[in-house]
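Structure first, commentary second.
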Amino acid sequence: MFTPLTFAQLQQYAHRSSTVTQPCTCMSRSFAGWEGLPVSLKESQLKEVGSLIAAEEEDLTLDEYHPSGTSYWSVDAPIAAQFFPYNRCRLWVCVVCNRAYLRYAEAGAYHIEQRIRSLDPALLVDVAFEGVGRA
Ligand SMILES: [Zn+2]
């Protein structure tokens, strides 16, 4: 069982990631929005450093957080850790350049797709999912 990363920890990883300027093979795409994990990105290049998955099952909402009319695929969609799909994500860091990425497995009708999005500090929002039936 992982302890979910705190917002402050996420910010730290995001800010560190945003200061990286060196070109790296992990940047085959921008990953500003969600993308399928490209086969060119080797599993060994990413190291898991934490999880956003809540310990409580009832906190695993499928609700998304889009107060400004963004959608799941938007490159400017907020990163709200307690909302879908971020509440399914683990945090990964490139072992070469230190850029940080969120990853989770999207279960489709016929297969499971690994999705990846870069952790942009400008998009991180600290907003709590209140849960169903909670005040
Ligand atoms: Zn890299």
Note the full-extension length gain between Lys42 and Ile112 as 0.36 nm times their separation in residues minus their Cα-Cα distance, in nm to one decimal.
23.4 nm
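Please report, as a whole percent, how much of the solvent-accessible surface of the range 7-125 comes from carbon and sulfur atoms (probe radius 1.4 Å).
On the way: 3260 of 6270 Å².
Within the range 7-125, the accessible surface is 52 percent carbon and sulfur.
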Expected sort for 81-92, 119-130 on mean C-beta neighbours within 10 Å, highest first, is 81-92, 119-130
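Which value at 222 nm does the chain reach when only helices count, each DSSP H run of 4 or more adding -39,500 (n - 2.57), with the total divided by all residues and rounded to the nearest 500 deg cm²/dmol? Working shown, then result.
Details: 1 runs with 12 residues, N = 135.
Rounded to the nearest 500, the figure is -3000 deg cm²/dmol.
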From phi via Karplus (6.51, -1.76, 1.60), per-residue ³J(HN,Hα) for the range 24-38 in Hz, x at Gly/Pro:
8, 5, 6, 9, 4, 9, 6, 6, 5, x, 5, 9, x, 5, x
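Take the eigenvalues of the Cα gyration tensor for the range 1-81, scale each by 5, and report the square roots as semi-axes in whole Å, largest first.
On the way: eigenvalues 108, 65, 41 Å².
For the range 1-81, the semi-axes come out at 23, 18, 14 Å.
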Rounded to the nearest 10 degrees, what's the angle between the helix 7-18 long axis and the longest principal axis of the chain, both from Cα atoms, 0 to 90?
30 degrees
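Roughly speaking, what % of Cα-Cα pairs in the chain are separated by over 19 Å, rounded to a whole number?
Values: 4358 of 9045 pairs.
Beyond 19 Å sits 48 percent of the P(r) for the chain.
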Over all directions, average the projected area of the Cα convex hull of the range 1-46 and note it in nm².
4.6 nm²
Given the options Ser44, Ser30, Ser74, which has the most mean-square fluctuation in a GNM of the chain, springs set between C-alpha atoms less than 10 angstrom apart?
Ser44
Hey, can you grab everything whose amide H is under 5 Å from the amide H of Asp63? Only 5+ residues off in sequence or another chain; H modelled, so Pro and N-termini drop out.
Phe84
Going by Cβ distance under 4.7 Å, what cysteines of the chain have no possible disulfide partner?
Cys89
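The values are calculated or read from the model by the stated rules, or taken from the named source; none is laboratory data. For clarity, every value in this text was computed on a predicted model and none was experimentally measured. Glycine gets a Cβ as well: all are built from the backbone with ideal geometry, and neighbour counts include every protein chain shown. Remember, those area values only see protein heavy atoms, side chains included, never the ligands or the DNA or RNA. Shrake-Rupley method; radii C 1.70, N 1.55, O 1.52, S 1.80 Å.
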